[in-house]
Amino acid sequence: MSSAKIECVLRENWRCGESPVWEEASNSLLFVDIPAKKVCRWDSLSKQVQQVTVDAPVSSVALRQSGGYVATVGTKFCALNWEDQSAVVLATVDKDKKNNRFNDGKVDPAGRYFAANRRSVYKLEKEEQIPDGMCIDVEGKLWVACYNGGRVIRLDPETGKRLQTVKLPVVKTTSCCFGGKDYSEMYVTSARDGMDPEGLLQQPEAGGIFKITGLGVKGIPPYPYAG
């Protein structure tokens, strides 16, 4: 069994970090802070963070084959231009539902950007709480961040068997992705919204971005949106 090492690489106390995506070309990690309406890019070499603020809660971000990024903002699919920090609406859904918004989004191998308000998930053990963001490794196994469970688990999607558990120093783990030079690093986002002062005192890194090394398995590059 591999020996995982956990490091908080970004302690910015994000309210609800989500949707981590590795951009190999810039050695950067993209992610969003949903309620803060921010799309963020952390440069793993300079350790600097850049942000673009949008006009509604932003639930996911993805690479775009033609350059730049795409994101789900409120109930809109938007193209992001990082240079001038602008967002152009590509499509809007549920215009008649004021309080609705996308919950998550991913690009499939065909380059299509899928987003939904609700999603199907694997049934997990009780102590693992709520399954949240997921990713796949090169062996086809599923990694799941467990919200309110403070852990990332590896599952066999065919049998549902849990193969590995990595506990983190924060409870509200929200999502995960592989990244780094050879996709051997895992990045995990977390949240701090809804925590009381005592909880925040006990978990000073809540809302941070974590890097896990030594998992013994690599991930696959993210698929870019083809549009």
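The values are calculated or read from the model by the stated rules, or taken from the named source; none is laboratory data. Predicted model only: the values in this text are computed from it and were never measured. When we count neighbours, we look across all protein chains shown, and the Cβ atoms used for this are built from the backbone with ideal geometry, even at glycine. Calculation scope for accessible area: heavy atoms of the full protein, side chains included, ligands and nucleic acids excluded. Shrake-Rupley method; radii C 1.70, N 1.55, O 1.52, S 1.80 Å.
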Complete set of residues in segment 201-220 that are outside any strand (DSSP E or B) and of a type in the set (A, V, I, L, M) = 201, 206, 215, 217, 220
What number of residues within segment 94-138 satisfy the criterion of being at positive phi, open to solvent by less than 80 Å² (accessible area, probe 1.4 Å) and either at pLDDT 90 or above or in contact with a Cys (Cβ under 9 Å, 6 or more places away or on another chain) (or both)?
-> 1
Go through (1) modelled with pLDDT of 95 or more; (2) on the phi > 0 side of the Ramachandran plot and name the single condition residue 203 misses.
-> (2)
Could you run through segment 167-183 and say how many residues are surrounded by 15 or more Cβ atoms within 10 Å (Cβ to Cβ) and more than 19 Å from residue 10 (Cα to Cα)?
-> 0
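What about residue 77, is it aromatic (Phe, Trp, Tyr) and assigned to a loop (DSSP other than H, G, I, E, B)?
Details: aromatic (Phe, Trp, Tyr): yes; assigned to a loop (DSSP other than H, G, I, E, B): no.
Spelling it out, it is not the case that residue 77 is aromatic (Phe, Trp, Tyr) and assigned to a loop (DSSP other than H, G, I, E, B).
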Apart from one, (1) in a strand (DSSP E or B); (2) open to solvent by 60 Å² or more (accessible area, probe 1.4 Å) all hold for residue 19; the odd one out is (2)
Would you tally the residues in segment 184-221 being surrounded by fewer than 22 Cβ atoms within 10 Å (Cβ to Cβ) and farther than 19 Å from residue 37 by Cα?
-> 22
Could you list, in sequence order, all residues of segment 1-36 that are among the basic types (Lys, Arg) and touching a strand residue (DSSP E or B) at 6+ places or on another chain (Cβ under 6 Å)?
-> 5, 15
Just name the residue that is farthest from the chain's Cα centre (by Cα) out of those in segment 35-93 that are among the charged types (D, E, K, R) and under 20 Å from residue 111 (Cβ atoms).
-> 76
Could you say which residue among 70, 61 is more than 23 Å from residue 192 (Cβ to Cβ), in a strand (DSSP E or B), open to solvent by less than 10 Å² (accessible area, probe 1.4 Å) and out of contact with any helix residue (DSSP H, G or I) (no Cβ under 7 Å at 6 or more places or on another chain)?
-> 70
Could you give me the residue pairs with C-beta distances under 9 Å whose first residue belongs to segment 182-196 and is more than 16 Å from residue 134 (Cα to Cα), whose second residue is open to solvent by 40 Å² or more (accessible area, probe 1.4 Å) and aliphatic (A, V, I, L, M) wherever it lies, and which are 6+ apart or on separate chains?
-> 192/200; 195/171
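Only one of 91, 79 is farther than 21 Å from residue 208 by Cα and open to solvent by less than 20 Å² (accessible area, probe 1.4 Å); which?
Selected residue: 79, the only one of 91, 79 that is farther than 21 Å from residue 208 by Cα and open to solvent by less than 20 Å² (accessible area, probe 1.4 Å).
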By residue number, the members of segment 23-52 that are of a type outside the set (S, T, N, Q), open to solvent by 10 Å² or more (accessible area, probe 1.4 Å) and assigned to a strand (DSSP E or B) are 23, 38, 41, 43, 49
List the pairs whose first member sits in segment 153-179 and is closer than 15 Å to residue 191 by Cα and of a type in the set (S, T, N, Q), whose second member is part of a strand (DSSP E or B) and open to solvent by 40 Å² or more (accessible area, probe 1.4 Å), and whose Cβ atoms are under 7 Å apart, counting only residues at least 6 apart or on separate chains?
-> 173/147; 174/147
